[in-house]
Structures are given as C-alpha cells and as structure tokens.
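Peer 1: One structure follows; several queries about it will come next.
The values are calculated or read from the model by the stated rules, or taken from the named source; none is laboratory data. Bear in mind that the values here come from a model prediction, so they are computed numbers and not experimental data. Cβ placement follows ideal geometry from the backbone for every residue including glycine, while neighbour counts extend to all protein chains displayed.
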Amino acid sequence: MTTHSSASMTDVHPAARRAGSARRRVRRLTALAGATLALAAGLGVAHTATADAANFPKATVHADGGLISHRSPSTESPRGYVFDNGTRLSVDCKIDGSTVKGNDDWYLIAAEGDASWVSGRYLTVHGEPEYCGLAVTAPVTTTERTGVFEGPTKSDTREDTLPKGVGMEAVCYVDSEATGQSRQRWVLLSESGWVRASALDASKKIPYCSQTA
C-alpha cells in the first residue's frame, strides 16, 4: 500500500459520516478513546501481546449444533473449525462484522494456525475482550469511489459508498474473501465499516485486527 499524508478528520466528506450505523460508530470510538486515555495516564501500551492463551478473556459456546468459525469476521467468508456446544474458548479481541440475528460482534479466537473468527450471537463472553487493533488509528484517504460494507467481503451488506478523496481513520485490517472469491485485504474504518485496502492510501502502517500480532 502506497503511503503519504492524507486529509484530517475535519475534512471528512458528509457521506463518510453517514456510513454505517450510529451504534457501531459510538461503540468503536468510545473504545478507542478509552484506550488512548489509558496511554495518557501512563498505564503503558494499551494492547500488549500475550503468548499465554490462559491470560485471555474466556467465552462459552451456546449452539446446539456447534459454532462454525470463519476466516474473517463475516458469515460470507470460508468456514473453519466447528466448536462444540459448551466449548470454552480464549478470546484474543472483538470487532464489528456481519450481523447475525441482531448481533454484529465477532471474536478472534486465540489459537495456533489460521485465524478463527466466531459470531458473538452464540457466545457467552466472560470478561471484557479489547477491540482489535491499536489505541491510535491510522489516517487514510480513499483513492477511488468505493463501497463500505458491513463485513470484510463484497458479499456482505453494502452500507454506503465513499467518493474519492475522503479522509477517514483506519482501525485495523484482515485478509478476507467470500467463498469462491479471491482473497483481498480489507480495512475497518473507525466511523463506518469495511473498505477494500486497495481503495485507500495510508499515512502510516495499519495493524492486523488482533491483540497478539
């Protein structure tokens, strides 16, 4: 991804501010603000990598037929492991993705191998998993007219369209694809949803959506 300076949030196009749901924006920005305050208070880095899964928050599966994981936080992405009902999981972090029966929370499961994302609709989470990414967002600018999606695939619900030249803030990225489609990098924007990374220029590195990357 080519990097150069981008527009500030004060230059955000009105269409960008309409993108996504208000609930998502408030929740995500509140989480980011809290992490930034923690840094300012001298509490150290807000997101510290932890090698021992025992230190992660836990979640219990509540799905009679088992809970299907996905390669990214989208029901449209390829399926992975199936976690049996009652399985206790270690949660790396949480993020917004495809809505499943009114719940758009997705959790990255702390495990070896490929990323395993599961919908919060079928979990009871114990503790408070942090949002994926870092406390400080990365300024980005759209390089073309591009769609904003609920999840990180083109098969997810399209929430809005951003024109070229819009300044936004990026939270983190995942590599994702819908079943049968080629894999692409997708970026979660702090005030909207998911956008293809190829449609953005970033002024600094965007982190992977994890707490341990």
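Peer 1: If you go through the range 78-96 one residue at a time, how many are touching a residue at least 60 places away in the same chain (Cβ under 8 Å) and of a type outside the set (D, E, K, R)?
Peer 2: 3
Peer 1: Also, I was wondering about something else. Give me the residue from the range 186-211 that is touching a residue at least 60 places away in the same chain (Cβ under 8 Å) and among the basic types (Lys, Arg) and, out of that set, farthest from SER155 (Cα to Cα).
Peer 2: If we take residues in the range 186-211 being touching a residue at least 60 places away in the same chain (Cβ under 8 Å) and among the basic types (Lys, Arg), then LYS204 is farthest from SER155 (Cα to Cα).
Peer 1: Before we move on, is GLY113 at positive phi, modelled with pLDDT of 95 or more and surrounded by fewer than 21 Cβ atoms within 10 Å (Cβ to Cβ)?
Peer 2: no
Peer 1: Considering only the range 174-213, state which residues are within 14 Å of GLU150 (Cα to Cα) and of a type outside the set (A, V, I, L, M, F, W, C).
Peer 2: SER176, GLU177, SER190, GLU191, SER192, GLY193, ARG196
Peer 1: From the list LEU200, LEU189, which one is aliphatic (A, V, I, L, M), crowded, with 24+ Cβ neighbours inside 10 Å and closer than 21 Å to SER77 by Cα? Give the steps one after another, and end with the answer.
Peer 2: Details: LEU200 fails: closer than 21 Å to SER77 by Cα.
Only one candidate passes the filter, namely LEU189.
Peer 1: While we're on this one: Go through the range 53-106 and give me each residue that's of a type in the set (S, T, N, Q) and more than 20 Å from the chain's Cα centre (by Cα).
Peer 2: Of everything in the range 53-106, those that are of a type in the set (S, T, N, Q) and more than 20 Å from the chain's Cα centre (by Cα) turn out to be ASN55, THR60, ASN85, THR87.
Peer 1: I've got another one for you. So LEU162 ticks every box in (1) in contact (Cβ under 8 Å) with a residue 60 or more places away in the chain; (2) surrounded by fewer than 20 Cβ atoms within 10 Å (Cβ to Cβ); (3) closer than 14 Å to LEU188 by Cα but one. Which box is left unticked?
Peer 2: (2)
Peer 1: Of the numbered conditions (1) assigned to a loop (DSSP other than H, G, I, E, B); (2) modelled with pLDDT of 50 or more, ASP92 fails exactly one; give the number of that condition.
Peer 2: (1)
Peer 1: If only one of THR153, THR146 is surrounded by 16 or more Cβ atoms within 10 Å (Cβ to Cβ), within 14 Å of the chain's Cα centre (by Cα) and of a type in the set (Ser, Thr, Tyr), which one is it?
Peer 2: THR153
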